[in-house]
1. Kindly identify the stretch 3-232 as rounded, prolate or oblate by the Cα gyration tensor criterion: order the square roots of the eigenvalues as a ≥ b ≥ c, call it rounded if a/c is under 1.5, otherwise compare a/b with b/c, prolate if a/b is larger, else oblate.
2. Report the residue, chosen from Thr74, Thr32, Thr61, that carries the largest GNM mean-square fluctuation when the chain is represented by alpha-carbon nodes joined by springs under 10 Å.
3. So which trypsin sites (Lys or Arg not before Pro) in the stretch 72-124 are both in a DSSP loop and have at most 13 other Cβ atoms within 10 Å of their Cβ?
4. Would you grab the residues whose amide H sits under 5 Å from the one on Phe8? Only those 5+ places off in sequence or on another chain, please, with H modelled 1.01 Å from N.
5. Highest GNM mean-square fluctuation, the chain, Cα pairs closer than 10 Å: which of Gly106, Gly154, Gly212?
6. Quick one: dipole size for the stretch 3-232, taken about the Cα centre, charges +1 on Lys/Arg Cβ and -1 on Asp/Glu Cβ, in debye to the nearest 20.
7. What GluC sites (Glu not before Pro) does the stretch 175-245 have in DSSP loop regions with at most 15 other beta carbons within 10 Å?
8. Pick out which of Arg234, Arg209, Arg20 has the largest mean-square fluctuation in a Gaussian network model of the chain, springs linking Cα atoms closer than 10 Å.
Amino acid sequence: MTYGLGLFLEDGIVLTTDTRTNAGVDHIATITKLSLMQTPGERVMFLASAGNLATTQAVVTLLNQRLKNEESDTNLNKAQTMFDGASMVGSVLRDVMNDNATFVQGYGDPSASFLFGGQIKGGKHRLFMIYPAGNFIEASPDTPFLQIGETKYGKPILDRAMAHDVDLTEAVKLTLISFDATVRSNLSVAAPFDMIIYRANSIGPVEVRRVGEDNAYYHQIKDAYNAEIRDFVRSLPATDWEECA
C-alpha cells in the first residue's frame, strides 16, 4: 500500500509519496511513485500514484511517451489548463484499466489513483485527485489537502492543523508528521519519501527531494512530535474517576 499526500497552499503545492511496494512479505521493494513532466517557464506538472504498480507504471509511461506525439489527444504539453491535464490523465487511466482490468482481477485489484498538480503559465497552480474510474476532484481553499492510498493514519493531524494559508515551511513539517504517523501504524508504508515542493508562479524547474529514514530533519521532526505529545498528555488535568472505581 502507498501513502500519497498533496497539500494545496496559497504559496504553492507540496506533493509527497512513500516508496514502498510489496506483493507479500517476501517481495518488498523501493520504487518511486512520483513523476515530473515540466518545461520550466512554460509548465510544471507532477503526478503521484497509488494502487496496482503495473497500472500506475503503464499510465505514467504512456503519458511520457505522448509528450513527444503532437497528434496525441493526451499529450500533456498540449493541455491549455491544469483541468485539461487532469482530464488527460483520467483518460489514459481509463484506457489502461479497460485494456487490463479483466485479465488482472483474478489475481488482485488492478485499480490505481493519482494526485496531479502543477501550473501552466498564465493560469493558477492547481491540485487534483484522480479516481480509478478516471474522474477527479480538485483541491480548494476549503479542501486544502488530498490523499491517496493508505490515508487514515496520516489524516488526523491534517484535519487539525492544515489550512490553505499555511506556508510552505509549515506544510513540509505537517507532511513529515503525517507520514511518520502512517509509518508507525502501517508496515506497508515506509521511508524513503519522495517530495516535491512547488512555489506558486515559479513555473519551475522543480526537483524531487528524497527523504530517507536517516534524514536528520525527519528525525528531528518526528522525535519532537513524539516528545510534545507525551508532554501534553502529562500536562492534562487528572480526573477523580479512580476514586469511584
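Please treat every number below as a calculation from the coordinates, not as lab data. This structure is a prediction, so every number in the text was calculated from the model and none was measured. Neighbour counts are summed over all protein chains in view; Cβ atoms, including those assigned to glycine, are modelled from backbone coordinates with ideal geometry.
1. oblate
2. Fluctuation is largest for Thr61.
3. Lys121, Lys124
4. Here Phe145, Leu146 satisfy the definition.
5. So, out of Gly106, Gly154, Gly212, the one fluctuating most is Gly106.
6. Dipole of the stretch 3-232, to the nearest 20 debye: 160 debye.
7. Here the sparse-neighbourhood loop sites are Glu207, Glu213.
8. Arg234
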